[in-house]
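These notes concern the structure reproduced below.
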Amino acid sequence: MVTPGLPGPGWDDLGRGLFSISVAAELAGLHPQTLRIYEREGLLDPGRTAGGTRRYSQADIARLAEITTLTSDGLNLAGIRRVLELQAETRRLQAEVARLRKHTGRRA
């Protein structure tokens, strides 16, 4: 079933790798080599086809926008990596708190 407003199946899955490196770079306003550097530095982990071709998801494109914002703010790649790690840890802890609250029946 196709969702109205979306081009076809799979577009509503933000984690599904849909875009080649050239399309992802264009969407993010970056050079493809920059995406390769971000991957090498551990800032990005695109999916791969069976043949090893990178496939970038909508979530990857959003992450590239966040990385671009952080570089514009003056952070280097090590600083960006740390910010992204802390954001992921915060999300994990928030989910754990929500799970515990649900388990105990308490509200925020």
Based only on other Cβ atoms within 10 Å, what is the fewest-to-most ordering of HIS31, HIS103? HIS103, HIS31
Placing +1 at every Lys and Arg Cβ and -1 at every Asp and Glu Cβ, with all other atoms neutral, what dipole size does segment 21-104 have around its Cα centre, in debye to the nearest 20? 360
Hey, can you rank 54-60, 20-26 by average C-beta count inside 10 Å, highest first? 54-60, 20-26
State the answer as a single residue: which of LEU43, SER20, PRO32 lies farthest towards the positive end of the charge dipole of segment 15-56, with beta carbon charges of +1 for Lys and Arg and -1 for Asp and Glu, about the Cα centre. SER20
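Every number here is computed from the coordinates shown, using simple stated rules; none is lab data. Predicted model, so just to flag it, every value in this text is computed and none were measured. Every residue, glycine among them, receives a Cβ derived from its backbone with ideal geometry; neighbour counts consider all protein chains shown.
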